[in-house]
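Reviewing the structure listed below.
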Amino acid sequence: NAGVTQTPKFQVLKTGQSMTLQCAQDMNHEYMSWYRQDPGMGLRLIHYSVGAGITDQGEVPNGYNVSRSTTEDFPLRLLSAAPSQTSVYFCASSYDGTSHSPLHFGNGTRLTVT
Amino acid sequence: AQKITQTQPGMFVQEKEAVTLDCTYDTSDPSYGLFWYKQPSSGEMIFLIYQGSYDQQNATEGRYSLNFQKARKSANLVISASQLGDSAMYFCAMREAPGSARQLTFGSGTQLTVLP
């Protein structure tokens, strides 16, 4: 009964380093997405995917890359970390992208960039 | 304009009492979904309840119910018989029909504290 699994839970990076946040879901969901949560800014969409091989940008995509080679996995890559990317990152999936489909969230990754 | 407005930054309720968390929304799309999520201090986002724009009845899930007033564009969450474990941040969110990024748009949240 795993649902959406994110790793790691915590990460500290130095400015300029790169890393990949992993996300996997075992619910055969079509739609996957990455959000970041910042105090006073709420949750903002970074990138999303409506199926394997298809990705698109959300509200705040700069500095991040994604790919969706399988239905299950949707990794988020930070190309060159900046202090402004210090945040809590959530991966979320839903059965499809329709308005009645709830998003199911992973437990989050707390990232600090120094 | 804000798509989702939660006007109560913090709320207190006595254990075993009911509490209503307010949410108003703004959309011109006739097809949309409204969701409530709970975020405890441990940080995870937990889906609580869903209401579709075409649903005639208010949604209920255990102790959670959604007071949906479409004409007023409000979707208030009612928690009955509050428990200490209900203390958390609660987010109202909306998902509009495909055409946008199909994202959830979140409100700023209400911090609920249940008092013993």
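Read the figures in this text as sums done on the coordinates, not as results from a lab. In this text the structure is predicted, and so the values were computed from the model without any measurement. Note that each Cβ is placed from the backbone with ideal geometry, even for glycine, and that neighbours are counted across all protein chains shown.
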Legend entry - Taking the convex hull of Cα positions in chain A, its mean projected area over all directions (nm²): 6.6
Inset, instruction - With label points built 7 Å along Cα→Cβ from the Cα atoms of B:Thr5 and B:Lys70, find their separation and express it in nm. - result: 2.2
Inset, instruction - Mind checking A:100-110 for the average number of partner chain beta-carbons within 10 Å of each residue's beta-carbon? - result: 6
Legend entry - Cut-off 18 Å (backbone N to label point 7 Å along Cα→Cβ of B:Ser42), residues of the range A:83-97: A:89-91
Legend entry - Förster radius 35 Å - calculated FRET efficiency between B:Gln56 and A:Asn28 (Cβ-Cβ, nearest 0.05): 0.70
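Got the relative contact order for chain B handy, in percent, Cα pairs under 8 Å and 6 or more residues apart? Walk me through the intermediate numbers first.
Numbers: 281 pairs, mean separation 42.6, N = 116.
Once divided by the residue count of chain B, the mean separation gives 37 percent.
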Legend entry - Spherically averaged projected area in nm², based on the convex hull that wraps the Cα atoms of the range B:30-90: 4.5
Inset, instruction - Taking 7 Å along the Cα-to-C-beta vector as the label spot, tell me the A:Ala82-B:Thr113 distance in nanometres, rounded to one decimal. - result: 3.7
Legend entry - Pairs of lysines in the protein assembly as shown (C-alpha under 26 Å apart; 8 or more residues apart or interchain): 7
Inset, instruction - Provide, for q = 0.11, 0.18 Å⁻¹, the log10 of I(q)/I(0) from a solvent-free Debye sum over equal Cα point scatterers in the protein assembly as shown. - result: -0.55, -1.35
Inset, instruction - Would you mind calculating the relative contact order of the range A:1-74 from Cα pairs under 8 angstrom and at least 6 residues apart, reporting the percent as a whole number? - result: 26
Inset, instruction - Give the order of B:Lys16, B:Lys3 when sorted by the count of other beta carbons within 10 angstrom, beginning with the fewest. - result: B:Lys16, B:Lys3
Legend entry - Least to most buried among B:Leu21, B:Leu115, B:Leu48 (fewest other Cβ within 10 Å first): B:Leu115, B:Leu48, B:Leu21
Inset, instruction - Largest first and in whole Å, give the semi-axes of chain B's equivalent ellipsoid, each being the square root of 5 times a Cα gyration tensor eigenvalue. - result: 24, 15, 12
